[in-house]
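J.: Before I ask anything, here is the structure I am working with.
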Amino acid sequence: MNKLELEKFKSTGIHIVDPSSTHIDSTVIFTGNDITINPNTHLKGKTEIKSNCNIGPNSFLIDSLISENTKINFSYIENSIVNEDCKIGPFARIRNNSVIKRNVTVGNFAEIKNSTVGKNSKINHYCYIGDAKLGSNVNIGAGVVTCNYDGENKSTTEIGDKSFIGSGTMIIAPIKIGKSSKTGAGSVITKDVKDFVTVVGNPAKILDNSKNQ
């Protein structure tokens, strides 16, 4: 990045921490101010970044929209939309036309592919969410996988608002999990789950609390 380019960015409220390790394509758009681009970050294609974002270090964005007040750290985002007030990374991967809605957390070693994640949801650790639609206020535990490919076909997963998906849950798509439902840790979901239900086990069955009374 030459001195003229650097001065242009400064004048529009964009802070490039280390120009020598930063690559920004001429097609990238900054639509706002108070934007910080940290070292070893690559912005490519038709990427657009809005106000008050902190991008990097060590991040790669291509053909993606990043909305206001979002932080991206050590992560890869391609052909996707990240809405305002999100926290992405470290070591997250978001790709294939995914949409991350407002105030979502996507944490370390989480991959999201061709999916929509509803507002206020959390996907914090070691997950694969593929071909899925998550409602708002959903919590995805560590090690959750949407098993979307059977060797021939890709299938979808739907998870309703306020659902809690326990650590290590395997969701065998196509599956629909209702709102405010829960899955126990290590569950294997092979059938649809209704609203306000807790399921556990392999294959998962409805938890009967009456046995504990």
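The values are calculated or read from the model by the stated rules, or taken from the named source; none is laboratory data. Just so it is clear, the model here is predicted, and its values are computed rather than measured. Please note: Cβ atoms are built from the backbone with ideal geometry, for glycine as well, and neighbour counts cover all protein chains shown. What goes into the accessible areas is simple: the full protein's heavy atoms, side chains included, and nothing from ligands, DNA or RNA. Shrake-Rupley method; radii C 1.70, N 1.55, O 1.52, S 1.80 Å.
Okay, residues lined up against (1) touching a Lys or Arg at 6+ places or on another chain (Cβ under 9 Å); (2) of a type in the set (S, T, Y); (3) within 19 Å of S187 (Cα to Cα); (4) at pLDDT below 95:
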residue	(1), (2), (3), (4)
F91	no, no, no, no
R95	yes, no, no, no
S98	yes, yes, no, no
F109	yes, no, no, no
N124	no, no, yes, yes
D131	yes, no, no, no
N137	yes, no, no, no
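J.: Do the conditions hold for G186, that is, is it surrounded by fewer than 20 Cβ atoms within 10 Å (Cβ to Cβ), modelled with pLDDT of 95 or more and not aromatic (F, W, Y)? Give the steps one after another, and end with the answer.
T.: Numbers: surrounded by fewer than 20 Cβ atoms within 10 Å (Cβ to Cβ): yes; modelled with pLDDT of 95 or more: yes; not aromatic (F, W, Y): yes.
So G186 passes the test.
J.: Report those strands (runs of 3 or more DSSP E) wholly inside segment 148-213 carrying at least 3 residues which are of a type in the set (A, V, I, L, M) and free of Cβ contacts under 8 Å to residues at least 60 places away in the same chain. Give the derivation first.
T.: Numbers: elements: 157-159, 170-172, 175-177, 198-200.
Where strands (runs of 3 or more DSSP E) fall fully within segment 148-213 and carry at least 3 residues being of a type in the set (A, V, I, L, M) and free of Cβ contacts under 8 Å to residues at least 60 places away in the same chain, they are 170-172.
J.: Among the residues of segment 17-44 satisfying the criterion of being open to solvent by less than 20 Å² (accessible area, probe 1.4 Å) and at pLDDT 95 or above, which is farthest from E78 (Cα to Cα)?
T.: Among them, the one singled out is I35.
J.: Being modelled with pLDDT of 95 or more, within 21 Å of K119 (Cα to Cα), out of contact with any Ser or Thr (no Cβ under 8 Å at 6 or more places or on another chain) and open to solvent by less than 80 Å² (accessible area, probe 1.4 Å) is true for just one of I159, I165. Which residue is that?
T.: Among I159, I165, only I159 is modelled with pLDDT of 95 or more, within 21 Å of K119 (Cα to Cα), out of contact with any Ser or Thr (no Cβ under 8 Å at 6 or more places or on another chain) and open to solvent by less than 80 Å² (accessible area, probe 1.4 Å).
J.: For segment 189-206: of the residues being under 21 Å from N137 (Cβ atoms) and not charged (D, E, K, R), which is most open to solvent (accessible area, probe 1.4 Å)?
T.: Keep residues of segment 189-206 that are under 21 Å from N137 (Cβ atoms), which gives 189, 192-199.
From the residues that got through so far, the ones that are not charged (D, E, K, R) too are 189, 193, 196-199.
Working: I189: 2, V193: 13, F196: 143, V197: 27, T198: 48, V199: 9 Å².
Going through the qualifying residues, I end up with F196.
J.: Select from segment 88-99 the residues that are surrounded by fewer than 19 Cβ atoms within 10 Å (Cβ to Cβ) and on the phi < 0 side of the Ramachandran plot and list them in ascending order. Break it down stepwise before answering.
T.: The initial filter retains those residues of segment 88-99 that are surrounded by fewer than 19 Cβ atoms within 10 Å (Cβ to Cβ), namely 90-91, 95-97, 99.
Once the filter is applied, which keeps residues that are surrounded by fewer than 19 Cβ atoms within 10 Å (Cβ to Cβ) and on the phi < 0 side of the Ramachandran plot, segment 88-99 yields P90, R95, V99.
J.: Quick one: is N120 at pLDDT below 95, open to solvent by 40 Å² or more (accessible area, probe 1.4 Å) and of a type outside the set (A, V, I, L, M)? Step through it out loud before you land on a result.
T.: Details: at pLDDT below 95: no; open to solvent by 40 Å² or more (accessible area, probe 1.4 Å): yes; of a type outside the set (A, V, I, L, M): yes.
Spelling it out, it is not the case that N120 is at pLDDT below 95, open to solvent by 40 Å² or more (accessible area, probe 1.4 Å) and of a type outside the set (A, V, I, L, M).
J.: What pairs can you find where one residue is in segment 118-136 and over 14 Å from G89 (Cβ atoms), the other is open to solvent by 20 Å² or more (accessible area, probe 1.4 Å) and β-branched (V, I, T), and their Cβ atoms are less than 8 Å apart, with a gap of 6+ or different chains?
T.: Matching pairs, first to second residue: S121/T105; Y128/V145; D131/T156; A132/T116; A132/T156; K133/T116; K133/T156; L134/T116.
J.: Same structure again: So, in segment 59-86, exactly how many residues are surrounded by fewer than 20 Cβ atoms within 10 Å (Cβ to Cβ) and of a type in the set (V, I, T)?
T.: Number satisfying all stated conditions: 2.
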